[in-house]
Amino acid sequence: MFKKLFLLVCFGLAFLIISASQSLKTLESETTELWSQLSKQLIRRTELVSDLSITMRKFIPDKSQVFDQIDNRIKSMNSINSETIPSKVELTQILADQNYLTEARTNLLDMAWSYDTLRADGGFRNIQDQGDRTENRLIVQKGNFIHTANKLNESVSRFPTNLVAALLGLETVPNFETPYWSGPAPKSFVDFSK
């Protein structure tokens, strides 16, 4: 009797461990895939802000210092690895860079309102439209990533799956719980008055 009960408990534990393991691996895979999708949109945003700066430089040569400042900051940004979820430190830097790009794009578009020939240019309008679509995709991708990363982090932190996560070497993943992308916008990094 005791032997049967012991075997039953062992099979039950094995089932729970296998089930938790599969669930955690699935969440980890989904989170990594969603990071990949989100990071591609972040990279696209960087490209579009650079293209916007290049296009506007042709129409507003007297603001070349502003465009140089934006271009230099973009060149100094670390590349985003879409294959692996960044560490908390890397994510903080990515978010700071993206916050800068958001502000730079907004300020460039505000500046463009003073130049009718620029706003009439098809290339400028195309970049502006692509930027708007990319911003919308970023909102959706960011929401999907946050939701899935939160589910993974809860599973990795909650008993009894935290025991299985420790066996698998899984840890919580950094998420967008930083001062960036929430709250008031920080001070401008670019002096647009020049």
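No lab work stands behind these numbers, since they all come straight from the coordinates. Computed from a predicted structure; not experimentally measured. No Cβ is skipped: glycine too gets one built from the backbone with ideal geometry, and neighbour counts run over all protein chains shown.
Fewest-first ordering of LEU168, LEU34, LEU163, LEU152 by other beta carbons within 10 Å of each residue's beta carbon gives LEU163, LEU168, LEU34, LEU152. When a/c reaches 1.5 or more, the comparison of a/b and b/c decides; with that in mind, is segment 96-138 rounded, prolate or oblate per its Cα gyration tensor? Since a/c reaches 1.5 but b/c is at least a/b, the shape of segment 96-138 is classed as oblate. 3J(HN,Hα) couplings calculated from phi for segment 141-148 with the Karplus curve 6.51 cos²θ - 1.76 cosθ + 1.60 (θ = phi - 60°) are, in sequence order, 5, 5, x, 5, 5, 4, 4, 5 Hz; Gly and Pro show x. Computed from backbone phi, the HN-Hα couplings of segment 30-39 come to 4, 5, 5, 5, 5, 5, 4, 5, 5, 5 Hz, rounded to whole numbers (Karplus: 6.51 cos²θ - 1.76 cosθ + 1.60, θ = phi - 60°; Gly and Pro given as x). Stretching ASN136 away from LYS40 to a fully extended chain increases their span by 33.2 nm, per 0.36 nm per residue minus the current alpha-carbon distance. In this Cβ point-charge picture (+1 for Lys and Arg, -1 for Asp and Glu), the chain has a dipole of about 500 debye about its Cα centre.
Over all pairs of different C-alpha atoms in segment 18-168, the reciprocal of the mean inverse distance, the Kirkwood hydrodynamic radius, equals 17.4 Å. For the peptides 127-133, 57-63, the ranking by mean Cβ contacts within 10 Å, running from highest to lowest, is 127-133, 57-63. Once the C-beta distance of LYS4 and GLU154 is scaled by a Förster radius of 41 Å, the resulting FRET efficiency is 0.70 to the nearest 0.05. Take the Cβ-Cβ distance between ASP68 and MET111 as r, set R0 to 22 Å, and report the resulting FRET efficiency rounded to the nearest 0.05. Calculated value: 0.90. Computed from backbone phi with θ = phi - 60° and the Karplus coefficients 6.51, -1.76 and 1.60, the 3J(HN,Hα) list for segment 48-54 is 5, 5, 4, 4, 4, 4, 5 Hz; x is used for glycine and proline. Panel order for PHE67, PHE159, PHE6, by other beta carbons found within 10 Å of each beta carbon, from fewest to most: PHE159, PHE6, PHE67.
Exposure proxy shown here: for MET1, MET111, the number of other Cβ atoms within 10 Å sets the order, fewest to most, as MET1, MET111.
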